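Engineer: Quick one: this structure, given as structure tokens, is what I'll be asking you about.
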């Protein structure tokens with residue numbers, strides 16, 4: 001079966017051989033005379049080459065490298081041919097994206113640059129300026145050539161070859177290749193765009209040939225969309241709306257609003273193109289894995305057309321708190337798109353928690369530790385950090401070019417301590433904060449002047465912001481203060497460097513400094529730690545100075561030097577500690593960090609996610625209401641007849657009686673229900689417990705004529721054994737009293753803003769009722785906020801708020817119907833073992849319920865049957881939701897009573 005890996009860009013793209021253009025042999029194949037097999041051409045590895053590196057993280061689109069040269073510092077650098085567009089977090093640090101449609105050897109984009117400039121800045125032509133900077137109007141080429149339609153026609157007849165793409169998610173690509181190399185991934189197909197404009201090729205034979213070659217020779221499905229759609233999707237909605245929001249930048253200015261209003265339709269169009277391509281090629285048994293924020297809608301779109309598909313989704317960037325994400329106008333559409341997946345993955349637990357809270361708050365979905373309970377199905381949510389490929393990295397470190405650069409750098413920086421950094425020059429990366437901290441360190445530690453050098457590689461973006469000038473000013477100030485003929489405290493490179501040089505830098509560095517303000521992960525730190533093992537250079541075991549706001553920080557257990565980028569003094573102190581730390585401490589820290597890096601590898605991430613997806617899909621499919629069989633009364637009777645000791649645990653509201661809401665008073669006792677229970681209890685081999693959300697005194701009144709009946713009140717907080725007159729309080733009264741004070745204050749705050757609502761105080765729970773509110777829609781929003789507020793503020797007090805029909809129920813996590821059922825079963829077995837007149841254990845267990853709070857009881861009961869503790873286990877659900885139960889009943893309360901009557905008649 002095939003695994004479809006959907007990412008915005010394919011690992012391959014196409015280059016055309018046009019007259020007067022430089023050869024592209026560095027990246028791909030060269031056609032031989034006479035139609036001979038193409039042979040690969042070699043080039044100096046570039047930091048932008050995904051095939052040359054184990055790129056760490058998220059999808060990021062890389063910058064096109066230009067011609068290498070050696071600067072005055074002895075470092076060989078690459079001058080980009082065009083400015084790059086900011087994108088995700090990616091290794092070796094952050095790679096920017098190629099300007100889409102700004103190359104000699106690919107078609108130019110025919111898209112205008114929406115939205116109109118008048119929308120974003122009082123009629124100024126800023127968007128056209130931005131388009132020029134990004135190369136869309138030919139910044140690297142003569143304007144007449146770019147605007148010429150004849151140039152486009154050349155591509156219809158030009159020779160072309162498939163090459164490795166400069167853009168794309170290198171971390172994902174390397175993880176897939178590592179998993180395939182390790183034999184953990186068999187058949188897989190990439191789904192993505194070519195990363196270049198295609199309007200100029202529409203209707204030509206070239207486009208069909210390109211698509212066919214990628215599919216047959218490289219197992220890649222090409223997604224074609226118009227230049228206008230892609231430009232609006234990628235450059236505007238993804239870059240101007242989603243990327244900032246996921247990195248805690250609220251879209252609160254007119255420019256953002258214009259982008260959002262104008263480009264949402266393009267985002268939808270591109271996502272739909274991906275979904276259609278996958279649906280067209282999907283076969284039963286295939287797996288679909290969608291990646292990152294560019295394709296948030298794809299899982300939901302596929303789910304609509306293929307309800308049974310196995311779909312995974314992984315977000316490579318951070319997921320912000322609900323307070324930030326709720327600022328996006330299309331927030332619900334994005335969340336519902338993601339929830340089309342069976343399994344949703346995030347890098348770390350913090351992002352998972354934010355996502356669950358956001359869905360609970362905005363969609364009123366019940367969030368559990370395992371995922372989200374929707375109305376018709378369950379979506380599992382996990383955190384699983386991506387990693388590097390140590391095998392590939394070690395192979396590249398053995399190359400002669402790396403060793404050559406190690407020798408050059410040892411000579412160039414002899415007697416100096418090196419701090420290395422590589423970041424994109426945008427506000428999220430914290431380059432400014434890093435340089436100010438370094439300046440403060442030099443100011444306060446004069447003894448280190450002339451002994452330390454900071455090498456900062458800064459990848460520029462298309463935005464000509466104040467940050468660019470600010471950083472340059474800081475570098476100039478630092479160097480002018482302490483530089484001399486033989487020493488320069490900051491080596492500032494505003495372009496990327498060769499991959500071999502990058503590995504040499506990581507190997508020789510005394511410290512790596514990362515001060516990102518937000519970052520999904522940071523795999524540069526992983527590569528640095530791997531390069532510090534001393535296998536190919538002197539054993540450094542250098543220190544890692546890492547921002548606490550990177551996802552990677554949560555994996556290292558405090559063995560890194562964690563810093564707050566905004567605390568310059570603490571960052572300066574971290575630099576000092578890194579330089580003055582003893583060898584023994586450095587080695588101890590490095591070993592623990594190295595162990596973490598070797599555990600969280602790309603191959604492990606890939607295979608673990610696929611394994612989890614297989615498991616949750618099978619479990620969800622088993623629990624799907626349409627897959628669960630109807631209860632067979634004949635089979636039930638047979639199981640009942642073959643057993644000696646029977647335990648029934650039956651839900652009350654909606655199962656034994658039709659009255660559901662626990663705040664409604666039942667005017668008369670349900671006589672038929674009482675008669676059925678009494679008939680069953682005539683057989684002394686039967687033990688029956690009824691579980692309810694009602695108070696103990698209400699259940700006493702309702703079941704006073706069934707003396708041998710056991711009762712569970714307030715969803716497991718109170719228990720009354722069969723034949724007893726005494727209620728046992730299961731919950732800790734002191735703990736209940738403590739959290740009630742906190743929760744009641746929060747509820748009161750929302751009660752004052754919701755006319756007609758009321759708070760019901762029970763012994764072990766609180767209920768916020770809003771069904772009778774004056775404005776029901778407004779009350780529902782207030783209730784959602786109330787539930788989110790309680791879940792956020794009172795998590796440590798072991799309570800949770802559950803939105804149910806017309807109310808919000810707040811109850812303890814540690815005492816549920818399931819914990820009460822387990823206590824009953826344990827006591828019953830213990831009592832039977834001690835009673836010589838009852839030799840046989842419990843061999844028949846029947847649980848019937850209709851609500852989400854009954855699912856845990858179903859799961860527990862089924863586990864007893866699976867491990868053989870109970871011979872016959874029957875779990876029955878009356879609800880329309882997906883369920884843990886082994887059978888369903890569609891006749892509701894009447895069906896339950898009829899089934900129980902048949903069992904009673906046997907006795």
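Engineer: Suppose we keep only residues that are in contact (Cβ under 8 Å) with a residue 60 or more places away in the chain and assigned to a helix (DSSP H, G or I) within the range 213-228. Which one would you say is farthest from residue 329 (Cα to Cα)?
Structural biologist: 218
Engineer: Follow-up. Taking residue 346 as meeting all but one of (1) closer than 22 Å to residue 246 by Cβ; (2) touching a helix residue (DSSP H, G or I) at 6+ places or on another chain (Cβ under 8 Å); (3) surrounded by fewer than 23 Cβ atoms within 10 Å (Cβ to Cβ), write down the number of the exception.
Structural biologist: Among (1) closer than 22 Å to residue 246 by Cβ; (2) touching a helix residue (DSSP H, G or I) at 6+ places or on another chain (Cβ under 8 Å); (3) surrounded by fewer than 23 Cβ atoms within 10 Å (Cβ to Cβ), the lone unmet condition for residue 346 is (3).
Engineer: Consider residue 444 carefully, then state whether it is farther than 17 Å from residue 575 by Cβ and over 39 Å from the mean Cα position of the chain (by Cα).
Structural biologist: no
Engineer: Name every residue in the range 532-553 that is surrounded by fewer than 20 Cβ atoms within 10 Å (Cβ to Cβ) and either touching a helix residue (DSSP H, G or I) at 6+ places or on another chain (Cβ under 6 Å) or at pLDDT 90 or above (or both), in order of residue number.
Structural biologist: Selection gives 536, 548.
Engineer: Okay, next question. Out of everything in the range 718-746 that is assigned to a helix (DSSP H, G or I) and in contact (Cβ under 8 Å) with a residue 60 or more places away in the chain, what residue ends up being surrounded by the most Cβ atoms within 10 Å (Cβ to Cβ)?
Structural biologist: Taking the candidates together, the pick is 743.
Engineer: For the range 530-549, indicate whether the set of residues that are touching a strand residue (DSSP E or B) at 6+ places or on another chain (Cβ under 8 Å) and assigned to a helix (DSSP H, G or I) is non-empty.
Structural biologist: Within the range 530-549 (the criterion being touching a strand residue (DSSP E or B) at 6+ places or on another chain (Cβ under 8 Å) and assigned to a helix (DSSP H, G or I)), the answer is no, since none of the residues qualifies.
Engineer: Restricting to the range 276-327, name every residue that is on the phi > 0 side of the Ramachandran plot and surrounded by fewer than 17 Cβ atoms within 10 Å (Cβ to Cβ).
Structural biologist: 285
Engineer: May I pose another question? Give the residue that is farthest from the chain's Cα centre (by Cα), with candidates limited to residues of the range 247-274 that are crowded, with 22+ Cβ neighbours inside 10 Å and at pLDDT 90 or above.
Structural biologist: 266
Engineer: Can you find a residue in the range 664-684 that is within 41 Å of the chain's Cα centre (by Cα) and modelled with pLDDT of 90 or more?
Structural biologist: There is no residue in the range 664-684 that is within 41 Å of the chain's Cα centre (by Cα) and modelled with pLDDT of 90 or more.
Engineer: Please work out if residue 572 is free of Cβ contacts under 8 Å to residues at least 60 places away in the same chain, over 25 Å from residue 398 (Cβ atoms) and out of contact with any strand residue (DSSP E or B) (no Cβ under 9 Å at 6 or more places or on another chain).
Structural biologist: no
Engineer: Kindly establish whether residue 628 is surrounded by 19 or more Cβ atoms within 10 Å (Cβ to Cβ) and either touching a residue at least 24 places away in the same chain (Cβ under 8 Å) or not assigned by TED's automatic domain parsing to the domain that holds residue 285 (or both).
Structural biologist: Criteria met by residue 628.
Engineer: Tally up the residues in the range 190-212 that are surrounded by 14 or more Cβ atoms within 10 Å (Cβ to Cβ) and touching a residue at least 40 places away in the same chain (Cβ under 8 Å), please.
Structural biologist: Final tally of qualifying residues: 15.
Engineer: Mind checking which residues of the range 621-644 are assigned to a loop (DSSP other than H, G, I, E, B) and within 17 Å of residue 890 (Cβ to Cβ)?
Structural biologist: 624, 625, 626, 627, 628, 629, 631, 632
The values are calculated or read from the model by the stated rules, or taken from the named source; none is laboratory data. Model, not experiment: these values are computed from the prediction. Virtual Cβ from ideal backbone geometry, glycine too; neighbours counted across all protein chains shown.
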